[in-house]
Amino acid sequence: MKLYYSSTSPYARKVATVAIETGHEAVIERLAAAPHPIDRDAQVVAANPLGKVPTLVTDDGLTLFDSRVIAEYLDAHTRRRRVFPNEGAARWTALTQQSLGDGLLDAALLIRYEQTARPAEHRWDLWQQRQFDKIGSALARIEEWSPALTPDLTIGTITLACALGYLDLRFPDYNWRGAHRGAADWFAAVSVHPSLEATRAPQPLAA
Ligand SMILES: N[C@@H](CCC(=O)N[C@@H](CS)C(=O)NCC(=O)O)C(=O)O
């Protein structure tokens with residue numbers, strides 16, 4: 001299988017973590033991509049019209065996106081363990097955790113693109129502030145959940161960990177731990193999983 005990948009993409013990290021947990025790491029070839037909303041990567045666009053990573057091309061010729069679909073595919077074809085709970089409250093909880101993590105990331109990516117891709121004269125401070133507000137209320141919910149969060153890896157906890165890791169990567173001065181001690185402690189505990197360690201973005205990074 002071939003995975004269009006960027007080592008700084010938190011959604012790609014989510015899929016790479018799932019690939020390790022489900023035992024697919026050795027059968028996935030990573031194709032380095034340079035996704036960007038303005039300077040679109042033509043190779044990725046040829047596979048995925050949205051031009052986004054992660055995008056997976058399977059051995060039987062399917063082209064899959066986005067990270068949610070790829071994660072489900074890998075889980076359904078697991079060679080090791082599953083990360084999507086089968087049923088019941090555990091399943092809905094993990095899926096909702098995934099949605100919150102993805103949504104936090106969507107807001108963070110909008111800020112990142114506003115700061116790096118949009119010309120300074122077109123930036124809108126209120127827009128960025130409202131995206132930070134969204135991140136803030138997502139963090140408050142993770143904090144609320146934190147007493148019940150375990151360090152076990154499910155699609156929910158993997159996504160939350162990738163989302164918090166992305167805040168550290170791209171917004172190192174945003175002190176999210178200060179008001180979210182429970183979330184911070186949980187993040188420290190979950191981050192020791194070898195699959196999360198192996199997929200952490202290299203630092204320091206070029207912009
Ligand atoms: N919902 C998508 C989001 C993927 C995404 O936005 N990836 C970013 C990189 S972190 C990207 O490819 N951006 C290029 C673009 O926006 O055109 C997923 O879960 O995979």
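The values are calculated or read from the model by the stated rules, or taken from the named source; none is laboratory data. It should be emphasised that the depicted structure is a prediction, and the values quoted were computed from it without experimental measurement. Ideal geometry is used to build each Cβ from the backbone, glycine not excepted, and the neighbour counts take in all protein chains shown. Side chains are part of the model used for accessible areas, which takes the heavy atoms of the whole protein and leaves out ligands, DNA and RNA. Shrake-Rupley method; radii C 1.70, N 1.55, O 1.52, S 1.80 Å.
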Unmet requirement for THR116, which otherwise passes all of (1) in contact (Cβ under 8 Å) with a residue 60 or more places away in the chain; (2) of a type in the set (Ser, Thr, Tyr); (3) open to solvent by less than 50 Å² (accessible area, probe 1.4 Å): (3)
Among residues of the range 45-88, those that are over 17 Å from LYS14 (Cβ atoms) and open to solvent by less than 30 Å² (accessible area, probe 1.4 Å), counted: 3
Residue check, LEU196 open to solvent by less than 50 Å² (accessible area, probe 1.4 Å), part of a helix (DSSP H, G or I), modelled with pLDDT of 95 or more and of a type outside the set (Val, Ile, Thr): yes
Flag for ILE142 being in a helix (DSSP H, G or I), under 15 Å from the mean Cα position of the chain (by Cα) and β-branched (Val, Ile, Thr): no
Top-ranked residue of the range 7-18 - restricted to ones that are open to solvent by less than 20 Å² (accessible area, probe 1.4 Å) and of a type in the set (S, T, N, Q), ranked as farthest from THR199 (Cα to Cα): SER9
Candidates GLU25, GLU72, GLU21, GLU29 - the one that is touching a strand residue (DSSP E or B) at 6+ places or on another chain (Cβ under 7 Å) and acidic (Asp, Glu): GLU29
Any hit, the range 19-34, residues being buried (at least 18 other Cβ atoms within 10 Å of the Cβ), touching a residue at least 60 places away in the same chain (Cβ under 8 Å) and of a type in the set (Gly, Ala, Ser): no
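Rundown of residues vs (1) at pLDDT below 95; (2) within 18 Å of the chain's Cα centre (by Cα); (3) near the ligand (Cβ under 9 Å from one of its atoms); (4) outside the structural domain of GLU114 (by TED's automatic domain parsing), yes/no style:
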residue: SER9; (1), (2), (3), (4): no, yes, yes, yes
residue: ALA33; (1), (2), (3), (4): no, yes, yes, yes
residue: ALA46; (1), (2), (3), (4): no, no, no, yes
residue: GLY51; (1), (2), (3), (4): no, yes, yes, yes
residue: SER67; (1), (2), (3), (4): no, yes, yes, yes
residue: ILE70; (1), (2), (3), (4): no, yes, yes, yes
residue: VAL83; (1), (2), (3), (4): no, yes, no, yes
residue: THR93; (1), (2), (3), (4): no, yes, no, no
residue: THR96; (1), (2), (3), (4): no, yes, no, no
